[in-house]
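Each remark here refers to the structure printed beneath this line.
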Amino acid sequence: MKNNDKEIKYTFEDNGTDKIYYTYDSVGDLVSFNLNSVEYYYIRNVQGDIIGLFDNTGIQIVSYTYDSWGKLTNIKDQNGTDVTNSKEHVGYKNPYRYRGCRYDSETGIYYLQSRYYNPEWGRFINADALGGEVGEILTHNIFAYCVNSPVSMEDSDGFRPMFAANPSEETAEMRAYSFACMSEVNMKRYE
């Protein structure tokens, strides 16, 4: 769908109780979601974590707090009441959380497009399918998340840890370090 000459993508899910429509911007980032005909907008920090939701009147109605590995520590409503386990609250129903990744409230793990990540362990639960590179020791821990540095790095797709700077601000040294953590086959995805 086009909006002001920019392509906007929408997705939809229906669990039998709730209908959720997601809206993405022209680069594919989530902007908002519509839950049962009510629109909610994402609030992100510089690392891309969903740290809150506001409604269409501009009032923040949810805040999310995580530890440095992405473990959800609490969800609070606009009054500061803990709603972490309130399954009927919009803050609980929103599945996008840490680093903007999809969170499964039942299992406590995140889906990162190619692998699943457990914030309790600080590790992926399935191995990197592309293995390590000879001579690059960091590439051989096939379960490591962000080279064990989740504050300064991110890995939104499970393939490449990147410094948590804006990709346009990534220096040649940062890029070289990030690529050193990848296998040669996987690097071709970014050339």
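The values are calculated or read from the model by the stated rules, or taken from the named source; none is laboratory data. Bear in mind the structure is a predicted one, so any value in this text is a computation, not a measurement. Don't worry about glycine lacking a Cβ; one is built from the backbone with ideal geometry, like all the others, and counts go over all protein chains shown.
Which residue out of N74, N45, N85, N79 is without any contact (Cβ under 8 Å) to a residue 12 or more places away in the chain, within 30 Å of A144 (Cβ to Cβ) and over 15 Å from the mean Cα position of the chain (by Cα)?
Values: N45 fails: over 15 Å from the mean Cα position of the chain (by Cα); N85 fails: within 30 Å of A144 (Cβ to Cβ); N79 fails: within 30 Å of A144 (Cβ to Cβ).
None of the others qualify; the one that does is N74.
I'd like to check something: does segment 68-85 contain any residue that is among the aromatic types (F, W, Y) and at pLDDT 90 or above?
Of the residues in segment 68-85, the ones among the aromatic types (F, W, Y) are 69.
Keeping just the survivors that are at pLDDT 90 or above gives 69.
So far as segment 68-85 goes, yes, one or more of its residues are among the aromatic types (F, W, Y) and at pLDDT 90 or above.
I'd like the full set of residues that are of a type outside the set (D, E) and farther than 25 Å from V151 by Cα, limited to segment 28-42.
So the first thing to find is which residues in segment 28-42 are of a type outside the set (D, E), and the list is 28, 30-38, 40-42.
Result: S32, F33, N34, L35, N36, S37, V38, Y40.
Restricting to segment 74-90, name every residue that is surrounded by 10 or more Cβ atoms within 10 Å (Cβ to Cβ) and either assigned by TED's automatic domain parsing to the domain that holds R123 or touching a strand residue (DSSP E or B) at 6+ places or on another chain (Cβ under 9 Å) (or both).
Initially, segment 74-90 is screened for residues surrounded by 10 or more Cβ atoms within 10 Å (Cβ to Cβ), giving 74-78, 81-86, 89-90.
Across segment 74-90, the qualifying residues are N74, I75, K76, D77, Q78, D82, V83, T84, N85, S86, H89, V90.
Could you say which residue among G28, G16, G52, G58 is assigned to a loop (DSSP other than H, G, I, E, B), modelled with pLDDT of 85 or more and of a type in the set (G, A, S)?
Numbers: G28 fails: modelled with pLDDT of 85 or more; G16 fails: modelled with pLDDT of 85 or more; G52 fails: assigned to a loop (DSSP other than H, G, I, E, B).
Criteria check complete, one pass: G58.
Within segment 88-190, which helices (runs of 4 or more DSSP H) (wholly inside it) include 2 or more residues that are over 29 Å from I43 (Cβ atoms) and modelled with pLDDT of 70 or more?
none
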